[in-house]
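S.K.: Following this message is one structure expressed as structure tokens.
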Amino acid sequence: MTTNAVGVKNVRDKYRLIGPIYDFLSALYSGKSIHQCKIGMITPDNVKPGDKILFAGVGHGKDAIHAAELGADVTVVDLSATMLSKFQDGLTASGKQHLKIRQVHSDIFKFNETEHYDMVVANFFLNVFSENMMEEVLRHLIALAKPGAAIVVGDFAFPTGNIVSRMFKQAYWYVAVSLFWLMANNAMHNIYNYPEYMERQGLDIRSKKFFKLLNMNCYWSVLGRKQA
């Protein structure tokens, strides 16, 4: 395992306050649903030993550890030193430091390993950005993937169902986005319909998996394929 920094000199760590309690808040807010969403596409069907997988905005990174356990050659990128520190703490506590995981402390736009990865994963990462910036980040992540590679986005599901269900999902989302707006200065915006954005950028949507809270589809993991 190696760690390196790219383009982070004098960058303020927005997750310095909320980062240490990120996993606790996730469990309090969703039970196991967010974790299940994050690993939803990290399965033996999608991940083969030796696959190069990038996790953008890795956070505490249990999904990245899971991919490495399946034999993947994992790279994790995060601009927050706090989140990378918590990731390392979790890796150490798991006793799995032997896994092939490279940690990179970097702004994702300064990470330029173009067409290098068999899978690029953005779990609860794109929702950090305003709509225009989110589209730019998604475009950059696609550029990092090999032709034919998988792009995975796990996040809040776009609201569907009857009016009560849609209103609950919107209110549920705004609790989270407001907290991160206040504590980390993340963008305030509506829930993104990720498959539409992915298709606009040339991805072929191959799979969607939904994860429930109170018997409603509050989260989804979407897998798209880059053109070969």
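S.K.: Give me the net charge for the shell around MET216: Cβ to Cβ below 13 angstrom, other residues only, Lys and Arg +1, Asp and Glu -1.
M.R.: Taking every other residue near MET216 into account, the sum is +3.
S.K.: With a cap of 14 neighbouring Cβ atoms within 10 Å, and only residues DSSP puts in a loop, list the GluC sites (Glu not before Pro) found in the range 95-179.
M.R.: GLU113, GLU115
S.K.: What accessible surface, in Å², does a 1.4 Å probe find on HIS66, ignoring ligands, DNA and RNA and rounding to the nearest 10?
M.R.: That residue has around 60 Å² of solvent-accessible surface.
S.K.: Among DSSP beta bridges lying fully in the chain, give the percent that are antiparallel, nearest 5.
M.R.: Around 40 percent antiparallel, to the nearest 5.
S.K.: How would TYR117, TYR29 rank on accessible area, largest to smallest, probe 1.4 Å?
M.R.: TYR29, TYR117
S.K.: Measure off 7 Å from each Cα along the Cα-to-Cβ vector at ASN215 and LYS100, then give the distance between these two points in nanometres to one decimal.
M.R.: 4.6 nm
S.K.: Something else: Rounded, prolate or oblate: which fits the range 54-103 when a ≥ b ≥ c are the square roots of the eigenvalues of the alpha-carbon gyration tensor, with rounded for a/c under 1.5 and prolate only if a/b beats b/c?
M.R.: Verdict is oblate for the range 54-103.
S.K.: Report, to the nearest whole %, how much of the accessible area of the range 1-130 belongs to carbon and sulfur atoms, 1.4 Å probe, protein only.
M.R.: 55 percent
S.K.: OK, next. How much length would be gained if the chain were fully extended between LEU70 and GLN201, taking 0.36 nm per residue of separation minus their Cα-Cα distance, in nm to one decimal?
M.R.: My answer for the length gained is 44.3 nm.
S.K.: Give me the number: length gained by fully extending LYS110 to LEU25, i.e. 0.36 nm times residue separation minus the C-alpha to C-alpha distance, one decimal in nm.
M.R.: 27.7 nm
The values are calculated or read from the model by the stated rules, or taken from the named source; none is laboratory data. Keep in mind that this is a model prediction, so the values were computed, not measured. All Cβ positions, glycine included, derive from the backbone under ideal geometry; neighbour counts span all protein chains shown. The accessibility values were calculated without ligands, DNA or RNA, using every heavy atom of the protein model including side chains. Shrake-Rupley method; radii C 1.70, N 1.55, O 1.52, S 1.80 Å.
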